[in-house]
Amino acid sequence: MALLDILVAPHPTLAKRAEEVTEVTDEIRQTLNDMLETMYKAPGIGLAANQVGILKRLVVIDVSNPEEEEPKPYKFINPVIIESSDDSSVYQEGCLSVPTFYEEVERPAEVTVEYLDETGTKQTLKAEGLLATCIQHEIDHLEGTLFVDHLSKLKKGMIVKKLTKLKKQGAFNKKQDTHTL
Ligand code: NI
């Protein structure tokens, strides 16, 4: 297992569409394990491959509460949302690639996602609550979309400007101090 570097916005790789995985190989399984390790270490509850500079459609998530539950890692290969509820929910979202900023984002409250598991088998998962939000946030990453892209142009512009300044100052060169998606 290896820790991977997490990219901080603005970064071109975070704005690109990741490509479908055509074959589930040992290398893919290794990448998923490395992503999980990187996510837990950050600490975060979700990570998409774009965030570690890999343009493949891979996502890891664990929304379990580490103080109360056993870890419940999810590994998604080529995840696709096949159904979204009409009712929505609002969460204050953050992102390991947008450190120190948190904003409310409205998304469908329930989603059904289709994906390949580590063995290359097609799976379907119906999710609600934080898991549903997290799945949508991470699939956005695979499309090159960040949660700040859901905000007003003004708000997004302000956050990107501040992030650019913080990056220049070397604020994120060391360990991440946020616990986010
Ligand atoms: Ni994120």
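Only the coordinates and a few stated rules stand behind these numbers; no lab work does. Everything numeric in this text was worked out from a predicted model, so none of it was measured. We place every Cβ from the backbone using ideal geometry, glycine too, and count neighbours over all the protein chains shown.
Annotations
- Cα-centre dipole for the chain with unit charges at Cβ (Lys and Arg positive, Asp and Glu negative), debye to 20: 1260 debye
- A Gaussian network model of the chain, with springs between Cα atoms under 10 Å, assigns the largest mean-square fluctuation among Pro66, Pro12, Pro108 to Pro66.
- Less than 5 angstrom separates the built amide H of Tyr91 from those of Val105, Arg107, all sequence-distant by 5 or more or on a different chain.
- Under the Karplus curve 6.51 cos²θ - 1.76 cosθ + 1.60, θ = phi - 60°, whole-Hz ³J(HN,Hα) for region 76-84, x wherever Gly or Pro sits: 10, 10, 6, x, 9, 7, 9, 7, 10
- For the chain, leaving out every one of the GluC sites (Glu not before Pro) that falls in a DSSP loop and has at most 16 other Cβ atoms within 10 Å, the longest unbroken run is 70-117.
- Diffusion constant of region 51-181 at 20 °C, which comes from Stokes-Einstein with the Kirkwood Cα-pair radius and 1.002 mPa s, µm²/s: 134 µm²/s
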